[in-house]
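One structure below.
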Amino acid sequence: MESRWFNPMSRPAMANLYNADDRSDKDLMNTWSLRPQERQKLAARKRHRDCHITCFTGIVIFQLFIAAGVAFLGTAGICGSQPCRNGGECFEGNDDFICNCGEAWTGKTCETDIDECKASPCGEQGTCSNTDGGFTCACNEGYDDNDGCKDIDECLVGTPCGENADCSNTVGSYVCACASGWVSDGSTNCVDVDECLGQPCAPGAQCENTEGSFQCKCGSNIILPTESCVGDSIVNGDWSAGAAGDVIAHDCDQPDFFPFPVNNICPGNNVGQAITNESYHSGSFSWHYKRGLFLNAYGSGFPFSPGLTVKVGRSDGSYDADADSFYASFWFKAAKNYTNQYGDGSRILVAAGDPDGTEASSNYLEISFPNVRRSKITVRTRESHPSYEQCATTKDCGEDFGFIYTTVAENLDPLQWHHVEMTLRAKPEDYKDEWSYKVNGVPSPNTPHGAYFKTKHYDEGRYLYVNRLNFVALHRAQVDIKGFFFDDIYYKAYNSAQPTNIIAEYSTSFEQ
């Protein structure tokens, strides 16, 4: 067996060991013949060499990273790092950048919030609260929180006014107005108006209420509110000439149609009381009244319309009227050609007539067209002088009786038709009867009026009831005085306690 002994002379030289690059560190370290000091030197040498390798590798990697960064910056620029905050937009300059921060932020990098409330964006109708990058408005009622507290047009949002109502926007709110023919029920709803309660149809026509409106009828035929139902035809009706019998004269040479139904002294049919198609308010004809037989006494020789089947007046004590109220309505127009703008002096009285058809029995209403340049029509009454109270006390109204005129309406266009309404309210006391008047729907400014002829009768100790109309020509009997056209005459009797309960009525529109 071969023995292995340590031979000092056989140790490798240290220089050789240190320079033996062809030997691995492991081989050197495993050399059993090395002293401990030599082993430590070999380990230090190994560590030194490993450090060089590691550092060299790190430097290479770092240089590669720097090269990559330079390459990246060269490609994306300064804005590539997104320096602008809060949605700002970056723009590169010379070695610098600029941020467009918009309206909500400010600062180099849009880092500072702008307080928009300083500009009062909510106006006077809201409270502004600033937030990061914006603001909010707490608006008053009726204003839009999302639109700077601008007024909300509620009429465009749904239907706040309900059916049959019109919506109108207002500042901060809205109002509802019911459409024509409807009225508010106190909330936002509209209910139908019964127009027939206001008697909108012409005399003699029947009113039928409909939803939001009404219609006027003559029997089953629907007519316009201004059209009157043909009641009695004056050609065949029971009109009279009062105390003068059936003779009406002094009005010849009037070339109209359909003679008035009385005897006359004019040749042929050229009688003054005529039905004419020269002018009319409704239908095709009217009544042209010029003059009658003037006997210097009211009622005598002048037309009376047919009487109602009842009489109107007092019912207290020994009086026996069937109703206490009398309403009359008629339309009129001047008959004179107005081309020279002069009136012709026409004056016609329209008064309530007594049941016998012989006297004007209560009021005095006069239509006057003075013979002056640029003349207009006046409607006026005569009142007792000095007052009805004094007449009731003295039972004598003196020599000036009736010479006091009271204007009902004035400056009426002679080329137009005008509507007159007059109402009697009989009172259970002497001298207390009252009349009220309207012209074209406008009440007399002097309402109530007195009963002119009734006062005279009280003075004389007698009483006349009312149930018809009396027309009296007060102007001179001259051919150049043309009088007036009359149309759509209507009157009725009723009690003031039940005005819609008509006891008796009459109407005519002077058709055939």
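Throughout, read-outs are computed from the coordinates displayed, never taken from laboratory work. The model shown is predicted, which means the values in this text are computed figures rather than measured ones. Every residue, glycine among them, receives a Cβ derived from its backbone with ideal geometry; neighbour counts consider all protein chains shown.
Brief remarks on what is shown
- Extending 7 Å from Cα along the Cβ direction at residue 95 and again at residue 415 yields two label points whose distance is 9.4 nm.
- With a Förster radius of 51 Å applied to the C-beta separation of residue 111 and residue 175, the computed FRET efficiency comes to 0.50.
- Cβ-defined net charge surrounding residue 345, 11 Å radius [Lys, Arg +1; Asp, Glu -1]: +2
- Residues 183, 466, 379, 310, sorted so that the one with the fewest Cβ neighbours within 10 Å comes first: 183, 310, 379, 466
- Loop-located GluC sites (Glu not before Pro) in the stretch 302-410 (DSSP state other than H, G, I, E, B) with a sparse environment of at most 11 neighbouring Cβ atoms within 10 Å: 399.
- Nitroxide proxy distance, nm - points 7 Å out along Cα→Cβ at residue 476 and residue 376: 2.7 nm
- With the simple spin-label model, which puts each label point 7 Å out from Cα in the Cβ direction, the residue 118 to residue 78 separation comes to 2.7 nm.
- Using every pair of separate Cα atoms, the Kirkwood estimate puts the hydrodynamic radius of the stretch 350-457 at 14.7 angstrom.
- For residue 336, the lysines whose Cα falls under 21 Å of its own Cα, not counting residues fewer than eight places away in the same chain, are 290, 376, 482.
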